[in-house]
Amino acid sequence: MPLTFHWFLPTNGDSRHVVGGGHGTPVNEAGGDRPPTIAYLSQIARAAENLGFEGALTPTGAWCEDAWLTTAMVSQQTERLKFLVAFRPGFVSPTLAAQMASTFQRRTGGRLLLNVVTGGESTEQRAYGDFLDKDARYARTGEFLDIVRRLWDGESVDHRGSHLTVEGARLTQLPDPVPQVYFGGSSPVAGEIAARHSDVYLTWGEPPAQVAEKIAWVRGLAEKENRTVRFGIRLHVIARDTSEQAWAEAVRLLSGFDQETVRSVQAGLARSESEGQRRMLALHGGGRDGLEIHPNLWAGIGLVRGGAGTALVGSHQEIAERIEEYHRLGIDEFILSGYPHLEEAYWFGEGVLPLLAARGLWSRPGALATATPAQVPFAAAS
């Protein structure tokens, strides 16, 4: 299967330094360097579109702008790019969510993808009025996705479950196409939900051996459900013409992490209920030494950022090789980001994607065959 690449919309702000946030940690001051205005996010989205990315992930949480509203606005500034909208099923009824997705598809020409985030931090969930524990939240997610998928299939749904109840639920207009569902999670219950309901299982950027174990685990669970699941990975990226240039940029980013910030962020992340976050923390242990945990895989981002904490770092050729290595394991979709997101999209899009195309692993989405030239790179937001 050819590779698919997605970029990231930094709705928590952007910078030439790493912007923190997520999993109970606040956005750091760097997020104000380039505020997440619609103008700036649209600039990133248009760059990603013209460079050949399939879509763009937009995060969810108290630390960033709302993903549904933001992508609805940015979608009007783009033509082909899809939007992988992260949302938490406990915050909205399944019938309304199914209707919102259907509306989004009609208003954008079918450019919605859904990243279902169960929610790993009880403190943040409670701020939104959700007082279920983690296992109960996953159980509710399973009920939610069952209802939503039945509605998208045109059924009239009556459901009375442990967490959700709907009666006579039905959509007057069905989504076309039905949005693909992306889902991640490293706990046993997360694997079960992914096997039953996801189209694409997502993992954060762990070393290949650990990723291979996850793929085998979820694939086995999906086979028991008579389903086939695709696999994707979430990574940051620092791509340059030479390896020396790329690692110099990693060192520059690391030099911006003062020790007190690292200590504070790590203390907050240590309280996370997320198994995936625990695995991210284990990759670096809170220290600055030994951060290259696999050739060209750097765990430095995770010192000051929750969630995805690893980056592919190296020459364009080296990063293409690492991507092919993950692809051989079964990874077909890559969700990437970098600081700043505008400039790094060009480094990767102009440096790595052509190498992957030459290897027969990637081709530009068809609509780009007659696309206008990309926006001038490296233009900062006003």
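The values are calculated or read from the model by the stated rules, or taken from the named source; none is laboratory data. It should be emphasised that the depicted structure is a prediction, and the values quoted were computed from it without experimental measurement. Reconstructed Cβ throughout: ideal geometry from the backbone, glycine too, with neighbour counts over all protein chains shown. Note: areas computed on protein heavy atoms with side chains; ligands, DNA, RNA excluded. Shrake-Rupley method; radii C 1.70, N 1.55, O 1.52, S 1.80 Å.
At-a-glance table
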quantity	calculated
Table column - 3J(HN,Hα) (Hz), segment 53-66, Karplus curve with 6.51, -1.76, 1.60, x for Gly and Pro	6, 6, x, 9, 7, 10, x, 10, x, 5, 8, 9, 6, 5
Amide hydrogen neighbours beyond the local backbone of Ile238, cut-off 5 Å, H modeled	Leu312, Val313, Gly314
Lysines whose Cα lies under 18 Å from that of Lys214, excluding same-chain neighbours fewer than 8 positions away	Lys224
Counting DSSP beta bridges with both ends in the chain, the antiparallel % (nearest 5)	20
Lys, Arg +1 and Asp, Glu -1 on Cβ, resulting dipole of the chain about Cα centre, debye, nearest 20	520
The chain - Rg over Rh from alpha carbon coordinates, Kirkwood radius	0.94
Cα-projected label distance for Glu325 with Asp133, points at 7 Å along beta-carbon direction, nm	4.0
Modelled FRET efficiency - R0 51 Å, Asp289 with Asp158, Cβ distances, 0.05 increments	0.30
From the C-alpha gyration tensor of segment 269-341, square roots of 5λ in Å	22, 14, 12
Cβ crowding within 10 Å averaged over residues, with 123-129, 290-296 ranked highest first	290-296, 123-129
Gained length - Thr123 relative to Gln317, 0.36 nm times residue gap less alpha-carbon distance	65.6 nm
Zero-based 10 Å bins, Cα pair distances in segment 132-224, whole percents	15, 40, 32, 11, 2
Inter-label distance for Arg359 and Ile38, nm, one decimal - labels placed 7 Å from Cα along Cα-to-Cβ	4.0
Arg271 paired with Trp217, simple spin-label distance in nm, labels 7 Å along Cα-to-beta-carbon	2.6
Whole-Hz ³J(HN,Hα) from phi, Karplus 6.51 cos²θ - 1.76 cosθ + 1.60, for segment 334-347, glycine and proline x	10, 10, 10, 7, x, 10, x, 5, 5, 5, 5, 4, 6, 4
Added length on full extension, which subtracts the Cα-Cα distance from 0.36 nm per residue, Glu167 to Arg107	18.9 nm
Förster radius 45 Å - calculated FRET efficiency between Thr228 and Glu260 (Cβ-Cβ, nearest 0.05)	0.40
Beta bridge orientation in segment 2-139: antiparallel %, DSSP, nearest 5	15
Given charges at Cβ of Lys, Arg, Asp, Glu: the chain dipole, positive-most of Leu355, Val313, Ile44	Ile44
Ranked by how many other beta carbons lie within 10 Å on average, peptides 283-289, 36-42 from highest	36-42, 283-289
Residue list for segment 29-59, given a label point 7 angstrom along the Cα-to-Cβ vector of Glu350 and an amide N cut-off under 14 Å	47-48, 50-52
For segment 202-332, share of DSSP beta bridges that run antiparallel, in % to the nearest 5	35
Stokes-Einstein D (µm²/s) once Rh is taken as the Kirkwood radius of segment 188-274 over alpha-carbon pairs, at 20 °C in 1.002 mPa s	134
Exposure ranking of Phe5, Phe91 by accessible area [1.4 Å probe, largest first]	Phe91, Phe5
q = 0.15, 0.29 Å⁻¹, segment 14-76: log10 I(q)/I(0) [Debye, one scatterer per Cα]	-0.50, -1.32
Cα-based radius of gyration of segment 1-116 once divided by 2.2 N^0.38 Å, which approximates compact folds	1.06
Amide H partners (placed H, <5 Å) of Ala86, local residues excluded	Thr58, Asn115
Ordering of 182-189, 300-307, 216-223 by packing [mean C-beta count within 10 Å, highest first]	300-307, 182-189, 216-223
Euclidean distance between Cα centres, segment 247-308 to segment 40-58, Å	26
Built amide H within the under 5 Å cut-off of Phe231, gap 5+	Tyr201, Asp332, Glu333
